[in-house]
1. Just checking: which of the helices (runs of 4 or more DSSP H) contained wholly in segment 144-251 hold 2 or more residues that are of a type in the set (Phe, Trp, Tyr)?
2. Would you check which residues across segment 138-168 are under 17 Å from Gly219 (Cβ atoms) and free of Cβ contacts under 8 Å to residues at least 60 places away in the same chain and list them?
3. Out of all the residues in segment 133-154, is one or more among the hydroxyl-bearing types (Ser, Thr, Tyr) and modelled with pLDDT of 80 or more?
4. Consider only pairs whose beta carbons are under 7 Å apart and that are at least six residues apart or on different chains; among these, list those whose first residue lies in segment 198-214 and is surrounded by fewer than 22 Cβ atoms within 10 Å (Cβ to Cβ) and whose second residue is outside any helix (DSSP H, G or I) and not aliphatic (A, V, I, L, M).
5. So which pairs qualify, if the first residue must be in segment 83-110 and over 22 Å from Leu184 (Cα atoms) and surrounded by 15 or more Cβ atoms within 10 Å (Cβ to Cβ), the second must be β-branched (Val, Ile, Thr) and modelled with pLDDT under 75, the Cβ gap must be under 7 Å, and the two must be at least 6 apart or on different chains?
6. Quick test for you: out of Met226, Met238, pick the one residue that is more than 20 Å from Pro29 (Cβ to Cβ), of a type outside the set (Asp, Glu) and either surrounded by fewer than 16 Cβ atoms within 10 Å (Cβ to Cβ) or touching a residue at least 12 places away in the same chain (Cβ under 8 Å) (or both).
7. Restricting attention to segment 114-124, does a residue exist that is assigned to a helix (DSSP H, G or I) and at pLDDT below 90?
Amino acid sequence: MNWLMLPLGMIIATVALFFGLGGGVLWMPVLLTATTLRPDEALLCTIVIQTFGQFSATVSNNRAGLISWPLVKMLVPLGFIGVLVGSMLSFVLHPVFIKLFLGLVIFFIAYAFMRGDDFFVKGSDQADLDIARRRGRPIAAAASVLTGFLGVGVGDWLVPFLNMRCGLAMTRAVATCIALMLLLSVTAVSAQLLFFGRAVAWQVALPAVIGVLLGAQFGSRLLQRMPETRFKELFVLMLVFIATHVTFNAV
């Protein structure tokens, strides 16, 4: 067992699930540098690890009443398709150019989010479901392809959209995206195991899973106590960090 993954799991899960991000952009470099896993093995480990963390955070956020389940139900069908497409692409495409594109897009999302006229406006408890239906489902589908292909969560894309365009409070947007990512991660793991015959490297994944189960609780509790405006500022900084990290690792 690689027990170094346990404290790393706690740290990464605390950060990723506080911000509502998948954590794949953090896990993949760690697994590829700290273990002997091949990229395809690291991808599956990443998704498995995230699934347990997202489950832990979803339970906590659901108890706090932060999840908009109507939004989850609306966005998840196309997300399922996107995950399956991304899983198939992981067999045929090299991720370098996709990572470079992803980094640049996340830079743009951070810039657009920060420049929004309503950046300091506090969101509401209810989202505009009509806007989410018309414009959110294509975003969820596209982001889900990256979940299956790179292990990247949909929160990078959907949290700003749900807050800026649908008027949902940041904490609720993050909690909703984590619940959505849980369902998509389960789909991705199932596709990798059942359809593509890949096996989980449990000597790496198990210690990390223990860590993320603990870290997810820390992250979700921090989320529930963070003021709205301050959280937006931290979220933008995290997007910039992720965009820089992804772009740097792609070149």
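1. By residue number, 155-164, 202-225, 228-250.
2. Once the filter is applied, which keeps residues that are under 17 Å from Gly219 (Cβ atoms) and free of Cβ contacts under 8 Å to residues at least 60 places away in the same chain, segment 138-168 yields nothing.
3. So in segment 133-154, the residues among the hydroxyl-bearing types (Ser, Thr, Tyr) come out as 144, 147.
Of the ones still in play, those that are also modelled with pLDDT of 80 or more are 144, 147.
The answer is yes; a qualifying residue exists.
4. Taking only residues 6 or more apart or on different chains, the pairs are Gln203/Asn2; Pro207/Asn2; Pro207/Trp3.
5. These pairs meet every condition: Leu100/Val251.
6. It is Met226.
7. Looking through segment 114-124, at least one residue is assigned to a helix (DSSP H, G or I) and at pLDDT below 90.
Quick grid of which residues meet (1) crowded, with 23+ Cβ neighbours inside 10 Å; (2) within 24 Å of Leu104 (Cβ to Cβ); (3) of a type in the set (Asp, Glu):
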| residue | (1), (2), (3) |
| --- | --- |
| Pro7 | no, no, no |
| Val15 | no, yes, no |
| Gly22 | yes, yes, no |
| Thr33 | no, yes, no |
| Thr36 | no, no, no |
| Pro39 | no, yes, no |
| Phe52 | no, no, no |
| Ser60 | no, no, no |
| Leu71 | yes, no, no |
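The values are calculated or read from the model by the stated rules, or taken from the named source; none is laboratory data. No experiment lies behind these values; they were computed from the predicted model shown. Using ideal geometry, Cβ is built from the backbone for each residue, glycine included, and neighbour counts are taken over all protein chains shown.
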